[in-house]
Amino acid sequence: GAGVSQSPSNKVTEKGKDVELRCDPISGHTALYWYRQSLGQGLEFLIYFQGNSAPDKSGLPSDRFSAERTGGSVSTLTIQRTQQEDSAVYLCASSLAGGGEPQHFGDGTRLSIL
Amino acid sequence: GESVGLHLPTLSVQEGDNSIINCAYSNSASDYFIWYKQESGKGPQFIIDIRSNMDKRQGQRVTVLLNKTVKHLSLQIAATQPGDSAVYFCAENMDTGRRALTFGSGTRLQVQP
């Protein structure tokens, strides 16, 4: 079966532009997570969606970052007015339910801000 | 633990040897733990998990050991193969409350043929 799919796989943009990153979770998974991984670092939590509950946004680094999940499936992470420090790999994961379940990751979007 | 940036701890082993990768986790309330393998340009790949009511769990060629007393987790890989070369991350999670995983800084495993 299909795993977590992310697009684009690479994105290069100029500082100050807005970017949208897409995540298609595994079918049937109710929980969806966004993480960020800077070069050579571990993963940093950004935001978590579980079913119809209000998302846990506690990891978003600034108000330039937002995410939505439409219809309980596809999610979009938006970064407004990008800065060079936003350069990283943005990873999406999904799990059957939240907490205590393996999270399955996509291959990420590598974002480079010039 | 603290991130070490580009200078990941590296474990170098000979093909066929057993590998042990260690991890100190941070939250004594964590009750679910996962090991991931990450190859270059790929997302983390689930290897094995363990809940806090266990101290050992075995998979295919892999064993995870959990010592809650000292908040230590280890991953043992038997008969290490060149395809095992990757960065390995431990992650912790609480079953309730915040559901996000907290990741360690990773260990690079290099398998010498």
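Restricted to segment A:69-106, and to residues that are within 14 Å of chain B (Cβ to nearest Cβ) and farther than 26 Å from A:S53 by Cα, which residue is nearest to the chain's Cα centre (by Cα)? The residue in question is A:V89. Return the pair list, or none, for Cβ contacts closer than 7 Å from residues in segment B:25-44 that are loosely packed, with under 13 Cβ neighbours inside 10 Å to residues that are basic (K, R) and assigned to a loop (DSSP other than H, G, I, E, B), at least 6 apart or on different chains. As it stands, the answer is B:S28/B:K71, since those pairs meet every condition given.
The set of residues from segment A:40-57 being part of a loop (DSSP other than H, G, I, E, B) and either touching a helix residue (DSSP H, G or I) at 6+ places or on another chain (Cβ under 8 Å) or at the interface with chain B (Cβ under 7 Å from one of its Cβ atoms) (or both) comprises A:G40, A:Q41, A:G42.
Checking segment B:60-78 against the condition returns no match, with no residue being more than 12 Å from every other protein chain (Cβ to nearest Cβ), buried (at least 19 other Cβ atoms within 10 Å of the Cβ), over 19 Å from B:M94 (Cβ atoms) and over 11 Å from the mean Cα position of the chain (by Cα). Each residue in segment B:57-106 was checked for being among the basic types (K, R) and either on the phi > 0 side of the Ramachandran plot or modelled with pLDDT of 95 or more (or both), and 3 of them qualify. Taken as a whole, the structure places B:L109 among residues that are more than 13 Å from B:F33 (Cβ to Cβ), in a strand (DSSP E or B) and more than 9 Å from chain A (Cβ to nearest Cβ). Among residues of segment A:85-106 that are crowded, with 18+ Cβ neighbours inside 10 Å and polar (S, T, N, Q), those with a beta-carbon under 6 Å from a residue that is at pLDDT 90 or above and outside any strand (DSSP E or B) at least six positions away or on a different chain give the pairs A:S94/A:V4; A:S94/A:P25; A:S94/A:I26; A:S94/A:H29; A:S95/A:H29; A:S95/A:Q103. Within segment B:48-59, does at least one residue satisfy the condition of being more than 8 Å from chain A (Cβ to nearest Cβ), of a type in the set (D, E) and within 30 Å of A:K57 (Cβ to Cβ)? No, segment B:48-59 contains no residue that is more than 8 Å from chain A (Cβ to nearest Cβ), of a type in the set (D, E) and within 30 Å of A:K57 (Cβ to Cβ).
The residues in segment A:4-33 that are part of a strand (DSSP E or B) and either under 21 Å from B:P44 (Cβ atoms) or at pLDDT below 95 (or both) can be counted, and the count is 12. Out of contact with any helix residue (DSSP H, G or I) (no Cβ under 9 Å at 6 or more places or on another chain), of a type in the set (V, I, T), within 8 Å of chain A (Cβ to nearest Cβ) and assigned to a loop (DSSP other than H, G, I, E, B) - does that describe any residue in segment B:91-99? Looking for residues that are out of contact with any helix residue (DSSP H, G or I) (no Cβ under 9 Å at 6 or more places or on another chain), of a type in the set (V, I, T), within 8 Å of chain A (Cβ to nearest Cβ) and assigned to a loop (DSSP other than H, G, I, E, B), one finds at least one in segment B:91-99, hence yes. Tally the residues that are more than 13 Å from chain A (Cβ to nearest Cβ), in a loop (DSSP other than H, G, I, E, B) and not polar (S, T, N, Q), restricting the search to segment B:14-47. Matching residues across segment B:14-47 total 3. Do we have A:R36 as of a type outside the set (A, V, I, L, M), closer than 30 Å to B:P9 by Cα and modelled with pLDDT of 95 or more here? Yes.
The values are calculated or read from the model by the stated rules, or taken from the named source; none is laboratory data. Quick caveat, the model's predicted, so the values are computed rather than measured. Because the Cβ atoms are built from the backbone with ideal geometry, glycine has one as well, and the counts that use them run over all protein chains shown.
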